[in-house]
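The values are calculated or read from the model by the stated rules, or taken from the named source; none is laboratory data. This structure is a prediction, so every number in the text was calculated from the model and none was measured. Reconstructed Cβ throughout: ideal geometry from the backbone, glycine too, with neighbour counts over all protein chains shown. For accessibility, only protein heavy atoms count, side chains too; no ligands or nucleic acids. Shrake-Rupley method; radii C 1.70, N 1.55, O 1.52, S 1.80 Å.
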Amino acid sequence: MRFDSVEFWAFFAVVLVLHRLLPFRRGLLVLASYFFYASWNPPFLVLLLFSSALDYVVGLRLGALPLPVPGPDGVTLPVLTDSERRSLVRKRRALLAVSCVGNLGLLAYFKYINFFVDNLVAVRVLPESLASGLRVDVALPLGISFYTFQTLSYAIDVYRGNTKPVRSIGDFLLFVAFFPQLIAGPILRAVDFVPQIGRARFPDQRKVLEGVELCLVGLFQKVVIADGFANVVDRVFSEPEHFSGGSLLIASFCFNCQIFCDFSGYSLMACGLAKLLDFELPKNFDYPLLATNPIEYRRGWHITMGTWFRDYFYQPLGGDRRGEWITARNSMLTWMAFGLWHGASWTFVLWGAINGALLVVYRFLKHRGWLIRKGHFATVFGLASMALFLSLSTIAFRAENVEGALGMYRRIALWEDGRLTISPLWFAALAVLYLVHWLNRRFHTEGALARIRWPGRVVFITGMVAALTLGAGSGQPFYYFQF
C-alpha cells in the first residue's frame, strides 16, 4: 500500500477509527504496522521481526551490564578491578558486535552481495565459475535500509549509555515498525519516540489540522510536482545519448527537484499521519533547495539520515577534531558511505564523492577567508551555484552506470547537439517551484491551516483536493522505496 493509493487511505481510516475506540492502542498500532508491511511481501515480515527481536534482547543485556566509564547522566560505577573492567568491556563489545553483525549482515546479503561478487570478479579475485553460485536473485525488502539503521542506532545508544533499554516489548516493536515512517523514514531515535507511546491518546484540534495540512501538501508534492517532473526525467535518462547538452542540463535540474518533492512529500505525509495518531516525528527536510553552501545543504537534506551518519560514522572516525586533513578524509568517507547506503552501485559512490569533495573544498576556502563576503551578491551566487552543482551531481545519482554518468557530463560540457530536445519551458516550472519554496520559508507557511478560520480551511482543503484530482501525474512509486 502506497501513501498515494486509495487502499492506503481506506486502511488508515480504519486504523484511525479503531485508535479512537479501542483501549489497546499500542497493540493496535503494532498489528496495523505489521499488516501494512506484510501487504508488500508477507515473508519479509520475518526480517522485520528478526531485527526487532535481536536489538530488543541486545538492549536488555547491555542494560544489565554497568557502563565501564561514567555515563552521560554522571552515574558512576562500583569499584572494579582492572580485570573485571576489561571483562565488562569485552562483554559489552561482544553484545554490540552481535547487533552490528546481525543487522548489517542481513542488509549486506539482500542489498550488496551481488555488488561485492561482481566487483571481485571484475578485479579477478573471484572466478566467474564460483561467482555464479554466490549471487542471489531476491527482491530487496522494503524499508530494510531504514529500519536496520533505526534498530542499530538503538543498540549503539544503549551501549554508549545515551539511552536506557526499552523494557516493554510492545513499545519496542512499535518503535521499529511504526507504519507512517517504516518504509522511508524519518529515522527515529528511541529516546525521542518511545516516551510518546504511553502519552499518545487523541490529538487536539490544532494537531489534527496540522496533520491534515502535512498530508495534503506532501501528497501534492508527490503526485503533482514530483510525478510531473518524472515524465521528462525518465524520458531523458532512458536515452541520454540522443539529447542535447542543454536538454541534459535541464533534465538534471528537473530530477533534483523531482527527488526532493518525492522524498520530502513522503516525509511530510509520514509526519502528518503520525500527528493524526498523536505522535511527533522529527523534521526530515529544511529547505535544502535554498541552500547557499554545502553545509546548509547537508543540514537541510534528509536530516535524520545525515545525523545518523554524523553520530555513528563521522564522529567515531574522529569528526573534525583532529586537524584539517583528517576532517577532509572523514568527510569524504562519510559522504561516500552515505552514497553507498542508497544502493549497490558505483554511481552512488561517485555521487557521494562529488558531494564530499564540494564540502572539503568549501571548508578549505572558508578557513582561509577566500569566500565571497556575506551579502546579497554572496547569497544569490551561493544559491545559483549550489542549485547548479546539486543538479549536476544528481546525474551520477540517477545514471545507470558510471560510464553513462560521465557520458552525460561530457555532452553537457561540450554542449553537444542531439536529435531530441526538451522544452526550456521546464525552467519556468523550476523557477515557480523555487519561488514557492522561498515564499514558504520567508513567510513560515507551515501550520497555516491551524491559524486560519474555517471558511479559509474549507477553501484550502477543497483547492488541494481539486489540484490532486486534476493534476495527478504518472503514478510513479516513491523514489526512495528502492533504497
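Determine if region 74-90 includes at least one residue that is of a type in the set (Gly, Ala, Ser), surrounded by fewer than 16 Cβ atoms within 10 Å (Cβ to Cβ) and within 25 Å of the chain's Cα centre (by Cα). The answer is no, given that none of the residues of region 74-90 is of a type in the set (Gly, Ala, Ser), surrounded by fewer than 16 Cβ atoms within 10 Å (Cβ to Cβ) and within 25 Å of the chain's Cα centre (by Cα).
In region 45-64, is there at least one residue being open to solvent by less than 40 Å² (accessible area, probe 1.4 Å), more than 30 Å from Ala139 (Cβ to Cβ) and of a type in the set (Lys, Arg)?
First, the residues of region 45-64 that are open to solvent by less than 40 Å² (accessible area, probe 1.4 Å): 45, 47-48, 51-52, 54-56, 58-59, 62-63.
Pick out the ones that are also more than 30 Å from Ala139 (Cβ to Cβ) and you get 62-63.
Checking the rest, the ones that are also of a type in the set (Lys, Arg) come to none.
No - not one qualifying residue is present in region 45-64.
Could you please give the count of residues in region 127-165 that are open to solvent by 30 Å² or more (accessible area, probe 1.4 Å) and farther than 27 Å from Ser51 by Cα? Matching residues across region 127-165 total 5.
Contact annotation: residue pairs with Cβ atoms under 9 Å, 6 or more positions apart or on different chains, pairing a residue in region 174-196 that is closer than 16 Å to Ile144 by Cβ with a partner that is among the acidic types (Asp, Glu) and buried (at least 24 other Cβ atoms within 10 Å of the Cβ), are Val176/Asp55.
May I ask you to verify whether Ser145 is more than 30 Å from Asn41 (Cα to Cα) and either in contact with a strand residue (DSSP E or B) (Cβ under 8 Å, 6 or more places away or on another chain) or of a type outside the set (A, V, I, L, M, F, W, C) (or both)? Talk me through it step by step, then tell me what you get.
Working: more than 30 Å from Asn41 (Cα to Cα): no; either in contact with a strand residue (DSSP E or B) (Cβ under 8 Å, 6 or more places away or on another chain) or of a type outside the set (A, V, I, L, M, F, W, C) (or both): yes.
No; evaluated as a whole, the condition is false for this residue.
One residue stands out among those in region 279-294 that are closer than 13 Å to Gly265 by Cα and touching a Lys or Arg at 6+ places or on another chain (Cβ under 9 Å): the one that is surrounded by the most Cβ atoms within 10 Å (Cβ to Cβ), which is Tyr287.
Listed here are the helices (runs of 4 or more DSSP H) enclosed by region 397-483 that have at least 3 residues being modelled with pLDDT of 90 or more and touching a strand residue (DSSP E or B) at 6+ places or on another chain (Cβ under 6 Å), and there are none. The C-beta contact set for region 275-286 (first residue within 17 Å of Val191 (Cβ to Cβ), second residue part of a loop (DSSP other than H, G, I, E, B) and of a type in the set (Phe, Trp, Tyr), distance under 9 angstrom, 6+ apart or interchain) comprises Phe279/Phe178; Leu281/Phe178. For Val436, the conditions (1) closer than 27 Å to Leu290 by Cβ; (2) in contact (Cβ under 8 Å) with a residue 40 or more places away in the chain; (3) open to solvent by 60 Å² or more (accessible area, probe 1.4 Å) all hold with the exception of (2).
When Leu29 is tested against (1) in contact (Cβ under 8 Å) with a residue 24 or more places away in the chain; (2) open to solvent by 20 Å² or more (accessible area, probe 1.4 Å), only condition (2) is not met.
Residues that are charged (D, E, K, R), at pLDDT below 95 and more than 16 Å from Ala357 (Cα to Cα) within region 287-330 comprise Arg299, Arg321, Arg322, listed in sequence order. Checked against (1) buried (at least 17 other Cβ atoms within 10 Å of the Cβ); (2) in contact with a helix residue (DSSP H, G or I) (Cβ under 6 Å, 6 or more places away or on another chain); (3) small (Gly, Ala, Ser), Ala200 passes all but condition (2). One residue alone among Leu383, Leu449 is closer than 28 Å to Gln221 by Cβ and under 25 Å from the mean Cα position of the chain (by Cα), and that residue is Leu383.
Hey, any hits in region 235-251 for a residue that's of a type in the set (Asp, Glu), in contact with an Asp or Glu (Cβ under 9 Å, 6 or more places away or on another chain) and over 30 Å from Phe364 (Cα atoms)? If you could, list the steps in order and put the result at the bottom.
Within region 235-251, the first condition is being of a type in the set (Asp, Glu), and the residues that meet it are 239, 241.
Still in the list and also in contact with an Asp or Glu (Cβ under 9 Å, 6 or more places away or on another chain): none.
Looking for residues that are of a type in the set (Asp, Glu), in contact with an Asp or Glu (Cβ under 9 Å, 6 or more places away or on another chain) and over 30 Å from Phe364 (Cα atoms), one finds none in region 235-251, hence no.
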